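The values are calculated or read from the model by the stated rules, or taken from the named source; none is laboratory data. All figures in this text were calculated on a predicted structure; none of them were measured in a lab. Here the Cβ positions follow ideal geometry from the backbone for every residue, glycine too, while neighbour counts run over all protein chains shown. We work out accessible area using only protein heavy atoms, side chains counted, and drop any ligands, DNA or RNA first. Shrake-Rupley method; radii C 1.70, N 1.55, O 1.52, S 1.80 Å.
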Amino acid sequence: YQKSVKISNSGQTNFHIETVVTGDEVFRNYLTIDKAPWRSYQAKINKGANANANVGLTIPETYNNGGAKSGKLIFWAVSAN
């Protein structure tokens, strides 16, 4: 499963983006951004600009811990100036 997420910088400074994933291990272990592990995601977004990130979740066939799961994906921004 993949979903495109638009990240907008409507502020007055450039910023650097990283991500944090919390919650059930299925999200911490298998969530990807732009086809790479979420821990590797970084982007610089200039003021007034936008960026797209493709968020995916591919669960391997060997995963056997079914049931309801929850998690959070946080895009964390800091000034890049």
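Taking region 36-81, which residues are basic (Lys, Arg) and either at pLDDT below 95 or within 18 Å of Gly11 (Cβ to Cβ) (or both)?
Lys44, Lys47
Going through region 63-81 one residue at a time, which ones are open to solvent by 80 Å² or more (accessible area, probe 1.4 Å) and over 18 Å from Glu18 (Cα atoms)?
Correct list: Asn64, Ala68.
Filter region 7-21 down to residues that are under 16 Å from Trp76 (Cα atoms) and either at pLDDT below 95 or over 11 Å from the mean Cα position of the chain (by Cα) (or both) and give me whichever is most open to solvent (accessible area, probe 1.4 Å).
Here the residue is Ser10.
If you take the residues of region 27-81 that are in contact (Cβ under 8 Å) with a residue 60 or more places away in the chain and assigned to a loop (DSSP other than H, G, I, E, B), which of them is farthest from the chain's Cα centre (by Cα)?
Asn81
Select from region 51-62 the residues that are open to solvent by 70 Å² or more (accessible area, probe 1.4 Å), out of contact with any helix residue (DSSP H, G or I) (no Cβ under 8 Å at 6 or more places or on another chain) and closer than 15 Å to Asp34 by Cβ and list them in ascending order.
Of everything in region 51-62, just one residue is open to solvent by 70 Å² or more (accessible area, probe 1.4 Å), out of contact with any helix residue (DSSP H, G or I) (no Cβ under 8 Å at 6 or more places or on another chain) and closer than 15 Å to Asp34 by Cβ, namely Asn52.
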